[in-house]
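The values are calculated or read from the model by the stated rules, or taken from the named source; none is laboratory data. Bear in mind the structure is a predicted one, so any value in this text is a computation, not a measurement. Note that we place each Cβ from the backbone using ideal geometry, even for glycine, and neighbour counts take in every protein chain shown.
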Amino acid sequence: MRPWERWAFNALALLVSATGLLYLWMQYGMTTSDPFAVVNHPLQPLVLHLHVMAAPWLILLFGILISAHVSKKIGERPPSNRRTGLVSIATFVAMTFSGYGLQVFTDPAWARAMLLLHLASGGTFVLAYLIHLYIGLRAARGCYGENNGTRRAA
């Protein structure tokens with residue numbers, strides 16, 4: 001995996017996660033005193049636009065990541081950091097599907113299902129990916145013996 005791929009994916013994952021959390025807070029955690037307001041915060045449309053515009057780039061880089069990183073690691077023996085990687089992949093797929101579903105489903109029940117799936121998969125992706133990065137960083141620094149997940153004696 002090239003450094004620019006890692007940097008770009010991490011930067012976009014941070015941007016999409018941050019704008020998603022910020023939008024969630026603005027939409028459901030804030031209230032406005034104006035009964036005729038369409039949004040709860042003046043920056044709410046901008047945050048949503050940033051989230052929706054950055055997400056396709058994140059999906060593109062995820063495809064590059066599959067080719068550059070996942071395909072090389074999937075058959076590695078012993079498996080290093082595979083569980084969090086697989087959880088990240090599965091939740092990324094669910095997050096992508098539900099994100100597009102939010103934009104196209106008009107039936108209230110389907111829209112609600114897509115929202116709940118998007119929130120659950122997005123939150124799980126963020127947690128799993130952060131753990132995946134942490135374990136990978138610890139392994140790269142030599143905190144684990146022979147990259148097999150066992151702790152090396154100090």
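Data table
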item: Pairs with Cβ under 6 Å, 6+ apart, first in the stretch 31-43 and not assigned by TED's automatic domain parsing to the domain that holds Gly20 and among the hydrophobic types (A, V, I, L, M, F, W, C), second surrounded by 13 or more Cβ atoms within 10 Å (Cβ to Cβ) and in a loop (DSSP other than H, G, I, E, B); result: none
item: Of residues in the stretch 53-87 being in contact with a Gly (Cβ under 8 Å, 6 or more places away or on another chain) and of a type in the set (A, V, I, L, M, F, W, C), the one modelled with the lowest pLDDT; result: Val70
item: Subset of the stretch 7-30 that is touching a residue at least 24 places away in the same chain (Cβ under 8 Å) and among the hydrophobic types (A, V, I, L, M, F, W, C) - its residue that is surrounded by the most Cβ atoms within 10 Å (Cβ to Cβ); result: Val16
item: Thr84 assigned to a helix (DSSP H, G or I) and touching a residue at least 40 places away in the same chain (Cβ under 8 Å); result: yes
item: So Leu22, is it outside the structural domain of Leu130 (by TED's automatic domain parsing), over 20 Å from Leu133 (Cβ atoms) and hydrophobic (A, V, I, L, M, F, W, C); result: yes
